[in-house]
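Right, one structure below, let's go through it.
The values are calculated or read from the model by the stated rules, or taken from the named source; none is laboratory data. All values derive from a computational prediction rather than experimental measurement. Quick reminder, even Gly has a Cβ in these numbers, built from the backbone with ideal geometry, and neighbours come from all protein chains shown. Keep in mind that these areas ignore ligands, DNA and RNA; they rest on the heavy atoms of the full protein, side chains included. Shrake-Rupley method; radii C 1.70, N 1.55, O 1.52, S 1.80 Å.
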Amino acid sequence: METDQQFRDLMSGDDSSELEMVPGDFSYQGESVWDTQSPEWIEAAYDFSDGYRDFLDRAKTEREFVREAIKILEAAGFQELEDRSVLKPGDRVYESIHGKGLMAAIIGEDSAYEGFNLLGAHVDSPRIDLKPNPLYEQNGLGYFSTHYYGGIKKYQWSTIPLALHGVIHTQDGQRVEVCIGEDESDPIFTITDLLPHLAAKQMQKSAATVIEGEELRLLISSTPDASAKGKQAIKTYLLKLLNAKYGIVEEDFFAAELEIVPAFKARDLGFDRSMIAAYGHDDRVCAYCSLMALVGIEGCPERTAVCMLSDKEEVGSAGNTGAQSRLYENFLLALIDLSTQEEFSELRYRRALAKSMMLSTDVSNAYDPVFASVSDLRNNSQFAHGSAFLKYTGVRGKSGASEANAEFVARVFQLMREAKLPYQIAELGRVDVGGGGTICQLLANWGMEVLDAGVPVLSMHSPLEICHKLDVYAAYLSYQTFLTRMRLA
Ligand code: MN
Ligand code: MN
């Protein structure tokens, strides 16, 4: 275009002279929360985030998250669903999904057949699991062999302090909860790496293979059993020690669920303490904000409000604790069945799901100036810019994406503006650089409207992820606003 006038003529046809241009700036200004929110708001954000940071240290695994979440729910008057034969508006119920997932709800004024307002996050995080038969010794050192869980850069998990969490069922019927490496007086474990002096060949390898899967061995002991006379002496001593401490024998590992996670605590990051560095923000940050959004609802919401916390998202949401499990759907079915007292109709149930609306609350990649080339800044979430909404995820040409409908997205943003909440629009990196997914599409398959709404995270899937306190609070407020006020037209 040669001149502005030519451009205007082209855009408006022949009668541009009759167009009335209203003065004003119609551009979108992606503002920082620092500029738009009051000092009181920012103080409240820091207070809320401190609670989140402290919660993180009590809930490093999906099982621990569910255990701690149930404590919060029961303190807030939620009861187990299976104890109820009838539900009425204002009732608060929850159901544990095999102790690794969780559903919780507050029954609304509207009939449950009008659908639900849902928040859905996941409580599993990338980590390293033990192999089913993990214990062995080599050259005087005791090891656990491992199998990593989720998408990790394996090299990031060596030479850091690691803790062991999980559950073991002994052959005499005891259930042993394991948590070693968290208390200051506990020992820790680690995965070794090669000294640089001898790593010339290793350093030529690609980052994907510099530490390989089978090299993720956890160093756990070095004391021999005196009576073993050298034969499997390390392993013999270790098994005696484990038996004395926990009453377990080697075969008990076969059924155990033992997870290796970073041993360090969640900490404030920065001179200004504006950020939180911790293991497993993905997706405990959205899971915590979603849980607290539900718990904080006072009285009875108009529509039934539901918080869904699922397991196994990092490996595809399969199995009976993953978001694809019918157990989550059973909870919604029960809410309808127990609250309507009408003869159950499968068609009406499916239509209720279709009338439901959900925020899939999962983290997004925060724009990282150090690695700017992977992001299109105008379409990437940034720290301190509020809740990050993603209309779609997927890879390449939106492959695997569930794209939220314009009508629904527009209504959500209208709600955010009405509540004066900071929010931003985003996608996951530049086109064709990579991609990812959430549980969004699984729930959208049931017919409901679903939009991804997350918290931006730096160093995602690393042992030490970072999020911003202002975004954590913005997410919490936006989730609660959605639960209590979202309705179409
Ligand atoms: Mn996630
Ligand atoms: Mn993830």
Which one, Tyr149, Gly101, Ile70, is farthest towards the positive end of the dipole of the chain when Lys and Arg carry +1 and Asp and Glu -1 on their Cβ?
Tyr149
About the Cα centre, charge dipole magnitude for segment 306-386 (Lys/Arg +1, Asp/Glu -1 at Cβ), debye:
240
So, R0 is 30 Å and r is the distance between the beta-carbons of Leu195 and Asp432; what FRET efficiency does that work out to, to 0.05?
0.20
Which of the aspartates and glutamates could a cross-linker bridge to Lys205, judged by Cα under 15 Å and excluding same-chain residues fewer than eight apart?
Asp193, Glu215
Net charge around Glu109, counting only other residues with Cβ within less than 9 Å of its Cβ (Lys, Arg = +1; Asp, Glu = -1)?
-1
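Could you order peptides 350-359, 193-202 by the average number of other Cβ atoms within 10 Å of their residues, highest first?
Packing order, densest peptide first, comes out as 350-359, 193-202.
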I need the peptides 258-265, 180-187, 376-383, 162-169 ranked by packing, meaning the mean over residues of other C-beta atoms within 10 angstrom, with the highest value on top.
258-265, 162-169, 376-383, 180-187
Return the whole-Å distance between the Cα centroid of segment 319-341 and the Cα centroid of segment 186-203.
47
Per residue accessible area in Å² of the chain, where ligands, DNA and RNA are left out and the probe is 1.4 Å
48
Chain lengthening between Glu302 and Val86 when straightened (0.36 nm per residue, less Cα-Cα)
75.9 nm
With +1 on the Cβ of every Lys and Arg and -1 on the Cβ of every Asp and Glu, the dipole magnitude of the chain about its Cα centre, in debye rounded to the nearest 20, is 1560
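Quick one: compute the contact order of segment 211-281, relative version, from alpha carbon pairs under 8 angstrom and 6+ residues apart, as a percent.
Value for segment 211-281: 15 percent.
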Let me check against my output: what whole-number percent is the relative contact order of the chain, with C-alpha pairs under 8 Å and at least 6 apart?
21
May I ask you to list the GluC sites (Glu not before Pro) in segment 284-375 that are in a DSSP loop and have at most 10 other Cβ atoms within 10 Å of their Cβ?
Glu298, Glu343
Going Cα to Cα from Lys391, which lysines come in below 24 Å? Please leave out same-chain ones fewer than 8 positions away.
Lys312, Lys355, Lys420, Lys469
Taking the dipole of segment 321-440 about the Cα centre (Lys, Arg +1; Asp, Glu -1; charges at Cβ), the one of Ser356, Phe408, Thr438 that reaches farthest to the positive side is Phe408
Which angle between 0 and 90 degrees, to the nearest 10, do you get for helix 62-75 versus the longest principal axis of the chain when only C-alpha atoms count?
60
Along the positive direction of the dipole of the chain (beta-carbon charges: Lys, Arg +1; Asp, Glu -1; about the Cα centre), which of Tyr288, Val315, Phe482 reaches farthest?
Val315
On C-alpha positions alone, give me the angle between the axis of helix 39-58 and the longest principal axis of the chain, in degrees, nearest 10.
30
Keeping every protein chain in place, order Tyr237, Tyr143 by accessible area at 1.4 Å, biggest value first, i.e. largest first.
Tyr237, Tyr143
If I model a spin label at Tyr148 and Asn133 as a point 7 Å from the Cα along the Cα→Cβ vector, what separation in nanometres do I get?
2.5
Electrostatic dipole magnitude of segment 42-200 [Cβ: Lys, Arg +1; Asp, Glu -1; Cα centre; debye, to 20]:
640
Cross-link partners of Lys201 among lysines (Cα-Cα below 27 Å; sequence separation of 8 or more within a chain)
Lys153, Lys154
Once each part is reduced to its C-alpha centroid, what is the distance from segment 51-108 to segment 432-446 in angstrom?
25
Overall dimensions of segment 11-107 as given by Cα atoms, namely Rg and Dmax in Å:
24.7, 72
Added length on full extension, which subtracts the Cα-Cα distance from 0.36 nm per residue, Arg267 to Ser111
51.8 nm
Pick out, in residue order, every one of the chymotrypsin sites (Phe, Trp or Tyr not before Pro) in segment 16-80 that is DSSP loop and has at most 11 other C-beta atoms within 10 Å; say none if there are none.
Phe26, Tyr28
What are the residues whose amide H is under 5 Å from the amide H of His461, where those residues sit 5 or more places off or on another chain and H is modelled from the backbone?
Asp282
Whenever you get a sec, compute what percent of the accessible area on segment 202-290 sits on carbon and sulfur atoms (1.4 Å probe).
56
